[in-house]
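Comments concern the structure below.
The values are calculated or read from the model by the stated rules, or taken from the named source; none is laboratory data. Only a predicted model underlies this, so the values are computations on that prediction, with no experimental measurement involved. Positions of Cβ are generated from backbone atoms using ideal geometry, with glycine treated the same way; all protein chains shown enter the neighbour counts.
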Amino acid sequence: MRALANVTGIFSLTLFMTACVSYEASRNSASGSFADRAILDRIVPGETTSSWLIQQTGEPDTIQQTSLDVEVWQYSSVTQSTTRVRALPLVAVQLSDQTRTVFHFEIKDEVVTQFWREQL
């Protein structure tokens, strides 16, 4: 009988603790000069102009002159992720993570010739 009481007690405690655990994950919106990544889907290398890119995203964060007629424009974006776990009112853990993404656009004769992204 005592063994049954112990098993029942452990089961009840486990059930109680399980019912009091919550998990929440959120991804805050990106911030920075290139926050709208859907624009990438609309860029066609060899056709998209540098003026269209500026209209959509604003001025680049940096411009590197790689040769006489080629520039690489860079835009940065930061995304913050937060995860919260709570177990009973006694324990709460919050984890935050930031991801920085740099978008590179090679411009030649005012046309985007290629683009890529780099996560840091």
- prompt: So how many residues does the range 55-111 have that are part of a strand (DSSP E or B) and either basic (K, R) or under 21 Å from I39 (Cα atoms) (or both)?
  reply: 25
task: May I ask you to list pairs of residues, at least six apart or on different chains, whose Cβ atoms are under 6 Å apart, with the first in the range 40-51 being within 8 Å of V111 (Cα to Cα) and in a loop (DSSP other than H, G, I, E, B) and the second being among the hydrophobic types (A, V, I, L, M, F, W, C) and modelled with pLDDT of 95 or more?
output: P45/V112; T48/V112
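Considering only the range 27-55, state which residues are among the β-branched types (V, I, T), within 21 Å of the chain's Cα centre (by Cα) and at pLDDT 90 or above. Give the derivation first.
Here is the first cut: in the range 27-55, the ones among the β-branched types (V, I, T) are 39, 43-44, 48-49, 54.
Applying the additional criterion that residues be within 21 Å of the chain's Cα centre (by Cα) yields 39, 43.
The answer is I43, and nothing else.
Evaluate the following for G58: is it at pLDDT below 95 and at positive phi?
Values: at pLDDT below 95: yes; at positive phi: yes.
Taking the combined requirement at face value, the residue satisfies it.
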- prompt: Taking the condition surrounded by 13 or more Cβ atoms within 10 Å (Cβ to Cβ) and without any contact (Cβ under 8 Å) to a residue 12 or more places away in the chain, does W73 pass?
  reply: no
query: Of (1) modelled with pLDDT of 95 or more; (2) among the aliphatic types (A, V, I, L, M); (3) surrounded by 15 or more Cβ atoms within 10 Å (Cβ to Cβ); (4) closer than 20 Å to S31 by Cα, I63 satisfies all except one. Which?
result: (3)
